[in-house]
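The values are calculated or read from the model by the stated rules, or taken from the named source; none is laboratory data. Given the structure is predicted, the values throughout are model-derived calculations rather than measurements. Because the Cβ atoms are built from the backbone with ideal geometry, glycine has one as well, and the counts that use them run over all protein chains shown.
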Amino acid sequence: MQLLSTIAARFENALRDWVPDAERYAQLVTIAREPKHGDYQANIAMPLAKPLGQPPREIASRIVERLKIDDLCEPPEIAGPGFINLRLQNAFLAAAVKQMAADERLAVGKQPTRRFVVDFSSPNVAKPMHVGHIRSTVIGDSICRLLRFLGHEVISDNHLGDWGTQFGMIIYGYKHFVDSDAFRANPVAELSRIYRVVQAIIGYQSARPQLDAEKRRLTRLRQQLIAADATGEGNGNKEAAKKVKQLRKEIAAAEMRLRELEEKVQAVDDDPQLARLAAEHPDLETRAQRETARLHQGDPENLALWKQFMPLAIREIDNVYRRLGVQFDYTLGESFYHPMLSSLVEKLLAAGIATESDGAICVFLEGFETPMIIRKRDGAFLYATTDLATIEYRLDHFAPDAILYVVDHRQAEHFQKLFAAVRRLGHKDVELQHVAFGTVLGPDGRPFKTRSGSVVGLEYLLDEAVERAYGVVCDPQRLDRSGLELTEAQQKEIAEVVGIGAIKYADLSHNRTSDYEFNIDQMVQLEGNTATYIQYMYARTASILRKSEIMVDASWLEQVDVVLETPAERALALQLVQFEDALVQSAHEYMPSILANYLYTLARQYAVFFDQCPVLAAPPSMRDSRLLLCYVVGRVIRQGLDLLGIGVVERM
Ligand code: ARG
């Protein structure tokens, strides 16, 4: 049941016909942060003091008088200046837990259905998939699972970047420096090598001419710092101190930039073969762009190469999806929309929504400094053009109530403009959301990269996580101590579930809008806020149920009398019955982290319970009650992790 909204509704009834805006005030009910304030707390009376012109404690007692909640809670208490504290009745909690146990959906209701299109993962294919792609894939998949579980209709669509400039790069590289034997032996690896070669040369050719200017800039900044330091800081001159601080910041940024430029230059200078290619193919970026343009114009040779490369790229990413257990209803990439672009631009021109400016076709949008360009002067279409066509297509074919874009926060402006343009096109009703997420950082606080400077390949990372998981969970000493006898195959299976779960959970448990540091060692640990910890608690529930030799079936569940005598039992039951609230909030805010943290809290409370309350050794009546708690905890964890796309194992 949705407790929070149920309680809020009771408050709304109590406020109606008396307080203006009853609904809004009723929303001020929250889960109490400290047990001594009860389970729920309503901070409603204080903000009402002014509009009603009465002392808050008086208002509070009037609310309590009118509040009908004795089927759920003990008599409400008024505390301090006028807080209303609520404590659920143990009998209510016990009945709610039993209801969860008996229901295959753990008593989670279905909401009024909306239809969602979820655009997620959407990598630019034919270049190595990297750790940044995990976020969109894992968050998007979890959001789909959550929405579906709550009863919504979900259409997932992988908007592949299969038509971009990377193809010009690969086509150029393939035409000029493919190693045919290597291509025959392992085409994916050779294409990926070609891509990296072209990328390195382009990086080199753009960095090289900037290097001297950047060095001069840094020297100038350093001189300015010396000068500012001399007049400033020590003498308590505020202005100068500010200047010094500002300069230090600029210097740090310039140093970082310089280092990046130097890395790019060095990568080629240190490699004679790359250096030769760079000399033989000047201005490679333009050459590659020309190949992309040819592809887009339908040049038969380039189109044939694209058709040859695409299945390879798809097979590659499908491997990753299989490993992650992620599926899509549709995979309609950018190339799919290409034939629709020119008529879309004409339509917008005809409707007066787009106008020509300096040869380019633009949509000017209120509130934005720069327009959205939909066709460049040379006739090329842009990312935004494709996205507009994509929305039109989705509205036509799927008639969704909402479209979610699970994409890096750096694309925020793109989506703001896109959505504004869609409104101009007259689509007012559909909800459009950029479900943004932050960057995955390395230990140095910069976007995650390997030592060699290339972004880490995704499959390699997955393998690494599984290997570390094996090291932690299947450590022979640990297995010995816990008396677990597992075959090598079982251990491998556990390591896979734990390793993949660890990567996903590290991503999902962080608030998606913030950056987070990628640390494989930490994410597979048995202690701390990790999937491993939660999976371990699940395995403990499974283990104790096995040992009890009880047949958990309807008739057993029926006859168990749930007693919540100790604080640990009660806290556990309370957390259990808040499951649906966590799901609803998580889905409502498109924030899997809310569910992840709910599960972590549940797992911790289970550990406390396990520590303080004997189960198998308890007297029979208590034993059954506690076993039932273990059973429901296990099911909530399994269901909850499943909604995060994470598996469990019965023994670990
Ligand atoms: N391919 C894009 C990228 O890797 C993400 C696409 C997101 N979806 C969209 N409809 N724009 O940056």
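Listing for the model above:
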{"quantity": "Any hit, the range 297-315, residues being within 18 Å of residue 157 (Cα to Cα), in contact (Cβ under 8 Å) with a residue 24 or more places away in the chain and not hydrophobic (A, V, I, L, M, F, W, C)", "calculated": "yes"}
{"quantity": "Flag if residue 22 is among the hydrophobic types (A, V, I, L, M, F, W, C), surrounded by fewer than 16 Cβ atoms within 10 Å (Cβ to Cβ) and either at pLDDT below 95 or touching a helix residue (DSSP H, G or I) at 6+ places or on another chain (Cβ under 6 Å) (or both)", "calculated": "no"}
{"quantity": "Positions within the range 385-402 being within 9 Å of the ligand (Cβ to nearest atom) and either free of Cβ contacts under 8 Å to residues at least 60 places away in the same chain or in contact with a strand residue (DSSP E or B) (Cβ under 6 Å, 6 or more places away or on another chain) (or both), in sequence order", "calculated": "387, 391"}
{"quantity": "Among the residues listed as 583, 599, 595, 574, the single one being in contact with a strand residue (DSSP E or B) (Cβ under 9 Å, 6 or more places away or on another chain), more than 26 Å from residue 549 (Cβ to Cβ), aliphatic (A, V, I, L, M) and not in a loop (DSSP other than H, G, I, E, B)", "calculated": "574"}
{"quantity": "Residue that is surrounded by the most Cβ atoms within 10 Å (Cβ to Cβ) [pool: residues in the range 70-122 that are among the small types (Gly, Ala, Ser) and within 16 Å of the ligand (Cβ to nearest atom)]", "calculated": "121"}
{"quantity": "Near pairs, Cβ below 6 angstrom, 6+ apart or cross-chain, from the range 405-434 (within 11 Å of residue 388 (Cα to Cα)) to any residue that is within 13 Å of the ligand (Cβ to nearest atom) and assigned to a helix (DSSP H, G or I)", "calculated": "418/387; 422/391"}
{"quantity": "Odd one out for residue 118 among (1) among the aliphatic types (A, V, I, L, M); (2) touching a helix residue (DSSP H, G or I) at 6+ places or on another chain (Cβ under 8 Å); (3) assigned to a helix (DSSP H, G or I)", "calculated": "(3)"}
{"quantity": "Residue check, residue 133 in a loop (DSSP other than H, G, I, E, B), near the ligand (Cβ under 10 Å from one of its atoms) and of a type outside the set (Gly, Ala, Ser)", "calculated": "no"}
{"quantity": "Scope the range 371-384; condition more than 16 Å from the ligand (Cβ to nearest atom) and of a type in the set (A, V, I, L, M); matching residues", "calculated": "380"}
{"quantity": "So residue 125, is it more than 16 Å from the ligand (Cβ to nearest atom), in contact (Cβ under 8 Å) with a residue 60 or more places away in the chain and over 17 Å from the mean Cα position of the chain (by Cα)", "calculated": "no"}
{"quantity": "Test for residue 113: is it among the polar types (S, T, N, Q), assigned to a loop (DSSP other than H, G, I, E, B) and either in contact (Cβ under 8 Å) with a residue 60 or more places away in the chain or farther than 30 Å from residue 499 by Cα (or both)", "calculated": "yes"}
{"quantity": "Among (1) buried (at least 18 other Cβ atoms within 10 Å of the Cβ); (2) over 30 Å from residue 189 (Cα atoms), the one test that residue 468 misses", "calculated": "(2)"}
{"quantity": "Test: residue in the range 151-159 that is modelled with pLDDT under 95 and under 21 Å from residue 384 (Cα atoms)", "calculated": "no"}
{"quantity": "Residues (out of contact with any Gly (no Cβ under 9 Å at 6 or more places or on another chain) and either hydrophobic (A, V, I, L, M, F, W, C) or buried (at least 23 other Cβ atoms within 10 Å of the Cβ) (or both)) located in the range 637-652", "calculated": "637, 640, 643, 649, 652"}
{"quantity": "Test: residue in the range 615-636 that is within 15 Å of residue 539 (Cα to Cα), crowded, with 18+ Cβ neighbours inside 10 Å, more than 21 Å from the chain's Cα centre (by Cα) and of a type in the set (D, E, K, R)", "calculated": "yes"}
